[in-house]
1. Among the residues of region 220-228, is there at least one that is part of a loop (DSSP other than H, G, I, E, B), within 12 Å of the ligand (Cβ to nearest atom) and touching a residue at least 24 places away in the same chain (Cβ under 8 Å)?
2. Is region 78-89 home to any residue that is outside any helix (DSSP H, G or I) and within 19 Å of residue 3 (Cα to Cα)?
3. Can residue 98 be described as surrounded by fewer than 20 Cβ atoms within 10 Å (Cβ to Cβ), assigned by TED's automatic domain parsing to the domain that holds residue 154 and within 16 Å of the ligand (Cβ to nearest atom)?
4. Hey, any hits in region 114-137 for a residue that's assigned by TED's automatic domain parsing to the domain that holds residue 73, within 16 Å of the ligand (Cβ to nearest atom) and surrounded by fewer than 19 Cβ atoms within 10 Å (Cβ to Cβ)?
5. Please work out which one of (1) over 20 Å from the mean Cα position of the chain (by Cα); (2) under 30 Å from residue 325 (Cα atoms); (3) surrounded by 19 or more Cβ atoms within 10 Å (Cβ to Cβ); (4) in contact (Cβ under 8 Å) with a residue 60 or more places away in the chain is the condition residue 154 fails and give its number.
6. Cβ-Cβ distance below 6 Å, separation of 6 or more or different chains: which pairs start in region 82-99 with a residue that is more than 14 Å from residue 257 (Cα to Cα) and end on one that is part of a helix (DSSP H, G or I)?
7. Are any of the residues in region 139-158 under 21 Å from residue 9 (Cα atoms) and more than 15 Å from the ligand (Cβ to nearest atom)?
8. Does residue 351 count as in the same structural domain as residue 201 (by TED's automatic domain parsing), in a loop (DSSP other than H, G, I, E, B), away from the ligand (no atom under 16 Å from the Cβ) and surrounded by fewer than 17 Cβ atoms within 10 Å (Cβ to Cβ)?
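The values are calculated or read from the model by the stated rules, or taken from the named source; none is laboratory data. Keep in mind it's a predicted model, so treat the numbers as computed, not measured. Cβ: placed from backbone, ideal geometry, glycine included. Neighbour counts: every protein chain shown.
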Ligand code: COI
């Protein structure tokens, strides 16, 4: 089922960034955005693409008081065959609906949601950057918008999509990042919202992230919220380790985000003949491996972060260097293959890369 989408084009198109090597992440926005309203009586209505700009919000809106908000992160790529492509967009739509279910927000029709992404990306296709390592980041988000203060499931909501031409998420680019394992704050517990992509998870992570940055680390690696023993995920990415030739990544226990890049990397690594264990991995096991020399590589995976090598791990006063603070061979192979599929440089045997339009 497709939603109706009206299009009002901007009369004041912005200048495109002159130097794509300085795009950074999420700082520049395209000319248009998508908005759609929801009410319990009408369902989703008034789907519209409008010029990018501020949107009015009721001062009592649910999202401002109770944080009823979920989001996704996707990218559109300018592929080698002169097309604009998305990477596994249906996976993002399914996850968006899983997050919506957890926060009692209204779900979206999968086909309708894909049509929204395609329509907006086609309209903004000239904003998809051209240089290696760049893409158009797409940020769909959905929030509760009841204009009163009672605490209950919302009756009104907004679905919005904005787009931003981006380069690397980390200033380090594809160079290894320094990660601090957090021993005070926790991000999520089972039964909570850890598996949902909701703004509140990120809000709760900011204090630890700030502390880590002040100490020279790029991001925080979270331990489980109960025993504070098992590794869960990094601030904006899932995490994987190569230990004695095997790949180990935290299991999706309910408090870990089910990453689409994570899932794709696991599929690729298995096809390359590696054993992949999705299981609980304790910080003690990780540091025993670092000490006895069997921790061969560590990396993060995410839409924004892509595949990002980890060069240092810090925990309780001790710092370990991984892979001589260089990108490991498997991490590099993963980066090359994943981005190769995304940018249409290598064959996509899985059908992950989905055409939106001609470039
Ligand atoms: C993404 O990888 O798309 C994310 O949503 C991470 C983000 C918080 C920057």
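1. Step one: of region 220-228, the residues part of a loop (DSSP other than H, G, I, E, B) are 224-228.
If we keep only those that are within 12 Å of the ligand (Cβ to nearest atom) as well, we get none.
Within region 220-228, not a single residue is part of a loop (DSSP other than H, G, I, E, B), within 12 Å of the ligand (Cβ to nearest atom) and touching a residue at least 24 places away in the same chain (Cβ under 8 Å).
2. Initially, region 78-89 is screened for residues outside any helix (DSSP H, G or I), giving 78-88.
Still in the list and also within 19 Å of residue 3 (Cα to Cα): none.
No.
3. Numbers: surrounded by fewer than 20 Cβ atoms within 10 Å (Cβ to Cβ): yes; assigned by TED's automatic domain parsing to the domain that holds residue 154: yes; within 16 Å of the ligand (Cβ to nearest atom): yes.
Yes; evaluated as a whole, the condition is true for this residue.
4. Filtering region 114-137 down to residues assigned by TED's automatic domain parsing to the domain that holds residue 73 leaves 114-137.
Then keep just the ones that are within 16 Å of the ligand (Cβ to nearest atom); that gives 117, 121, 133-137.
Checking the rest, the ones that are also surrounded by fewer than 19 Cβ atoms within 10 Å (Cβ to Cβ) come to 133.
Checked region 114-137: at least one residue is assigned by TED's automatic domain parsing to the domain that holds residue 73, within 16 Å of the ligand (Cβ to nearest atom) and surrounded by fewer than 19 Cβ atoms within 10 Å (Cβ to Cβ).
5. (2)
6. Going by the 6 Å Cβ cut-off, the qualifying pairs are 84/125; 87/342; 88/260; 89/114; 89/117; 93/110; 93/113.
7. Scanning region 139-158, I find at least one residue that is under 21 Å from residue 9 (Cα atoms) and more than 15 Å from the ligand (Cβ to nearest atom), so the answer is yes.
8. On the way: in the same structural domain as residue 201 (by TED's automatic domain parsing): no; in a loop (DSSP other than H, G, I, E, B): yes; away from the ligand (no atom under 16 Å from the Cβ): yes; surrounded by fewer than 17 Cβ atoms within 10 Å (Cβ to Cβ): yes.
No: the conditions fail for residue 351.
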